[in-house]
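What follows is a short report on a single structure.
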Amino acid sequence: MQRNHIRSGAVTFAVLALGLTACGGAKVGAAAGGSGSAKTAAKGAPCGAINLAMNDWVGYTADAAVYTEVATKALGCQVKQIPLAEQVAWKGFSTGQIDLIMENWGHEDLVKQYITDQKVAKDLGPTGNVGQIGWYVPPWMVAKYPGITDWKNLNKYASLFKTSESGGKGQLLDGDPAFVTNDAALVKNLKLNYKVVYAGSEAALITSFRQAQAKKTPMLGYFYSPQWFLSEVALKKVTLPAYTAGCDAKAQDVKCDYPDYKLNKIASTRLETGNPAAFKLAQAFKWTNADQNVIARYIAEDKMTPAAAAQKWVAANPAKVNAWLAGIPGAKKF
């Protein structure tokens with residue numbers, strides 16, 4: 001999933017070895033054992049170094065900022081935040097350059113490759129967030145164009161969504177091409193007279209929706225929750241053919257809605273043995289969509305740094321945070 005890119009002001013840009021270029025310029029390469037990856041804690045310290053992947057959407061930034069705040073202050077971990085596209089980050093489990101992904105959206109192919117087959121990564125369980133992807137229109141359109149939130153009516157309104165980039169068809173505006181999306185296949189398989197055009201980022205997508213609502217201009221776009229922006233503009237979701245188990249098994253054949261994603265955390269198997277305190281904290285980390293949206297709004301709308309936003313949230317929620325630390329030797333409580 002993913003999404004002008006809101007990133008951690010505290011990001012440490014690790015210089016990694018040869019290989020795939022990812023967002024933010026960091027790379028994941030073939031050289032194993034990236035520096036600092038899952039290093040054992042120094043004598044007397046509960047935690048060592050950890051390389052944390054930073055995927056490029058503000059909800060992820062919120063998860064990572066809070067994990068970093070707690071891991072650093074309560075356990076003494078040294079957290080390196082490494083900006084990478086979500087698919088590329090998984091590759092770091094096999095090279096030894098990534099220890100933790102804090103918010104995973106499905107990726108069954110990567111689960112099979114790195115967890116089931118290579119056994120270099122492990123599912124640490126849910127974050128507590130439920131993710132939903134879909135197509136949305138600004139609220140003003142629902143009153144003016146009856147039935148526009150039913151996919152069966154979209155061709156009737158396609159001319160409304162023509163742009164200079166949509167080749168005479170209606171435009172379906174997606175975010176970052178690296179985000180999880182079935183949209184090109186959906187347009188084709190549902191025989192919709194639309195073309196997928198990429199805004200390029202989460203921030204660009206939000207700006208487009210905000211302007212479409214304020215100026216009453218037509219827009220059909222990809223969006224998702226949890227997302228703080230939905231509390232500013234209550235976008236209306238288009239009903240696609242219902243999701244059923246397996247209906248998205250072949251990407252090119254998809255003609256059903258997206259599933260609900262129980263977002264989860266993925267860690268390298270090295271982390272469990274090499275840095276158990278950092279592993280246990282990640283395993284215990286669990287909150288709600290509302291929790292994440294509070295911090296995401298601090299960052300995106302109130303312009304706080306991710307670190308400052310995390311500090312504010314942690315200070316206001318000590319009981320929740322201390323529950324994550326229960327049972328971790330040497331942990332300092334908030």
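Would you check if residue 235 is in contact with a Ser or Thr (Cβ under 6 Å, 6 or more places away or on another chain), under 28 Å from residue 208 (Cβ atoms) and either crowded, with 18+ Cβ neighbours inside 10 Å or charged (D, E, K, R) (or both)? Here the answer is no, as residue 235 does not meet what is asked. Counting only residues that are at pLDDT 60 or above and in contact with an Asp or Glu (Cβ under 8 Å, 6 or more places away or on another chain), which one in segment 34-52 is surrounded by the most Cβ atoms within 10 Å (Cβ to Cβ)? Among those residues, the one meeting the criterion is 50. Of the candidates 321, 314, the single residue that is modelled with pLDDT of 95 or more, crowded, with 21+ Cβ neighbours inside 10 Å and part of a helix (DSSP H, G or I) is 321. Regarding residue 291, is this residue touching a Gly at 6+ places or on another chain (Cβ under 9 Å), surrounded by fewer than 19 Cβ atoms within 10 Å (Cβ to Cβ) and within 27 Å of residue 111 (Cα to Cα)? No; evaluated as a whole, the condition is false for this residue. The condition of being open to solvent by 10 Å² or more (accessible area, probe 1.4 Å), closer than 26 Å to residue 52 by Cα and more than 15 Å from the chain's Cα centre (by Cα) holds for only one of 273, 244, that being 273. If residue 211 passes every condition in (1) within 22 Å of the chain's Cα centre (by Cα); (2) surrounded by fewer than 20 Cβ atoms within 10 Å (Cβ to Cβ); (3) under 23 Å from residue 296 (Cβ atoms); (4) not basic (Lys, Arg) but one, which one does it miss? It is condition (1) that residue 211 fails. Counting only residues that are closer than 28 Å to residue 226 by Cβ and out of contact with any helix residue (DSSP H, G or I) (no Cβ under 9 Å at 6 or more places or on another chain), segment 154-179 holds 1 of them.
For the structure I just gave you, tell me whether residue 218 is part of a loop (DSSP other than H, G, I, E, B), open to solvent by 20 Å² or more (accessible area, probe 1.4 Å) and at pLDDT below 95. In short, no. For first residues located in segment 99-123 and of a type in the set (A, V, I, L, M, F, W, C), partners that are open to solvent by 10 Å² or more (accessible area, probe 1.4 Å) and not in a strand (DSSP E or B) and lie 6+ apart or on another chain with Cβ distances below 7 Å form the pairs 105/180; 110/87; 120/94; 120/114; 120/269; 121/114; 121/115; 121/269. Inside segment 68-98, residues that are open to solvent by 10 Å² or more (accessible area, probe 1.4 Å), farther than 18 Å from residue 269 by Cα and aliphatic (A, V, I, L, M) make up a count of 1.
The values are calculated or read from the model by the stated rules, or taken from the named source; none is laboratory data. Please read all numbers here as calculations on a predicted model, not as lab measurements. As a convention, Cβ positions derive from the backbone with ideal geometry for all residues, glycine included, and neighbour counts pool all protein chains shown. These area figures cover heavy atoms from the full protein model, side chains too; ligands, DNA and RNA do not enter into them. Shrake-Rupley method; radii C 1.70, N 1.55, O 1.52, S 1.80 Å.
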